[in-house]
Amino acid sequence: MEPEKNNKSETDASELEQSVSFQQVSSVATGWMVDFMFRSLCRHFKEAEFEEFNETLSVFEAISKSPALKEDVYSEKILISAFLARVMHGKQLDVLFEEDQGVMPLMSATKIWSNLEDTVADETVFKNITNLLVVQSVAVCLEKGERSSASSALKWFENNDELPQKVGVKLKTIVAQTETYHPLLMSFSFNHLLETVRSYLEVYLEKNPSDDLLKEATKRVLSSQGVEGLKDKVKHESSHSETADESMENDLKTKESTMCLGTKRKLLSTKITEVWKPESGKKPCVSIRRISKSELTQILSEKSMDSTDIQKKRKAHQGNFLCLEMDP
């Protein structure tokens with residue numbers, strides 16, 4: 001039955017390929033892969049899985065450059081992924097995302113974030129993340145003892161009109177006095193930035209599930225688990241049956257052994273008895289002849305004496321036999 005199903009599936013797939021262009025199919029499949037990688041990136045970001053995020057990002061970058069992909073449809077997700085990559089590497093000042101070596105990861109993230117305003121449902125969230133990015137761009141530098149880099153970051157924000165006025169004034173004071181533990185830095189911490197971005201992603205994914213391939217893969221896994229579960233059940237039942245059979249077989253063997261042991265004991269007792277009856281194997285023989293009265297008297301007299309001796313001898317043998325039976 002299984003080969004027939006496979007042949008039917010191959011035939012159906014061949015007919016479908018002839019009815020649509022491969023380019024269209026490739027475009028859809030590539031889009032599904034981009035969506036799946038995007039979901040994976042969001043998941044790794046939320047779980048703070050740094051290495052997994054970087055590995056997935058490499059695959060995402062390669063697939064997103066495919067000619068089969070319609071960039072206008074996925075440009076938003078590509079931007080969000082680029083934004084997440086910069087935030088993920090926010091504390092690594094030596095990582096470059098732009099040609100200008102003075103632009104650190106969080107500074108670059110701020111530029112991308114300004115282009116994602118339409119993806120944010122709540123304007124307050126957008127402004128909050130903007131402030132967090134600006135503050136942390138400076139705070140990370142101070143944390144690492146890079147006061148000059150913190151000053152450069154402030155100037156960069158001023159030149160690019162990305163510096164909120166109130167926040168800018170406070171940051172200049174913080175940098176001038178090198179106040180690493182200023183309340184502003186504590187309130188707009190890096191962890192707070194990560195938590196706020198995670199909340200943004202959750203809302204975005206609710207409106208843009210991007211889960212076609214994820215759903216299909218999940219169905220396949222569940223189906224596979226169902227089959228494996230059935231196999232395990234059959235295996236368990238088979239094992240239980242085999243165990244029952246073995247138990248029954250052992251019971252039978254035990255009973256057979258008991259029966260054989262009983263038979264052997266019976267034979268053994270018979271042999272012991274036979275050991276003490278060495279003449280029992282001889283066949284009886286009867287002889288008849290005429291004798292005289294005087295001979296008869298003599299025979300009877302001799303037999304009486306022999307009978308007395310035999311009785312004495314039998315008592316001695318019986319005593320020896322009992323001692324043998326008691327001897328282990």
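The values are calculated or read from the model by the stated rules, or taken from the named source; none is laboratory data. This is a predicted model, so every value here is computed, not measured. Because the Cβ atoms are built from the backbone with ideal geometry, glycine has one as well, and the counts that use them run over all protein chains shown. Heads up: the accessible areas ignore ligands, DNA and RNA and are worked out on the full protein's heavy atoms, side chains in. Shrake-Rupley method; radii C 1.70, N 1.55, O 1.52, S 1.80 Å.
Things worth noting here:
- Pair list, Cβ < 7 Å and 6+ apart or interchain, from the stretch 117-143 residues that are farther than 27 Å from Ser75 by Cα and touching a residue at least 12 places away in the same chain (Cβ under 8 Å) to residues that are of a type outside the set (A, V, I, L, M, F, W, C) and surrounded by 15 or more Cβ atoms within 10 Å (Cβ to Cβ): Val140/Gly90; Val140/Lys91; Cys141/Ser149
- In the stretch 182-213, residue surrounded by the most Cβ atoms within 10 Å (Cβ to Cβ) [restricted to those that are in a helix (DSSP H, G or I) and in contact with a Phe, Trp or Tyr (Cβ under 6 Å, 6 or more places away or on another chain)]: Leu213
- Hey, Glu179 part of a loop (DSSP other than H, G, I, E, B), of a type in the set (Asp, Glu) and over 46 Å from the mean Cα position of the chain (by Cα) or not: yes
- Scanning the stretch 155-171 for residues that are within 16 Å of Gly102 (Cα to Cα) and open to solvent by 80 Å² or more (accessible area, probe 1.4 Å) turns up Lys155, Asn159.
- Of the helices (runs of 4 or more DSSP H) lying entirely inside the stretch 33-128, those carrying at least 3 residues that are buried (at least 22 other Cβ atoms within 10 Å of the Cβ) and touching a Pro at 6+ places or on another chain (Cβ under 9 Å) are 71-88.
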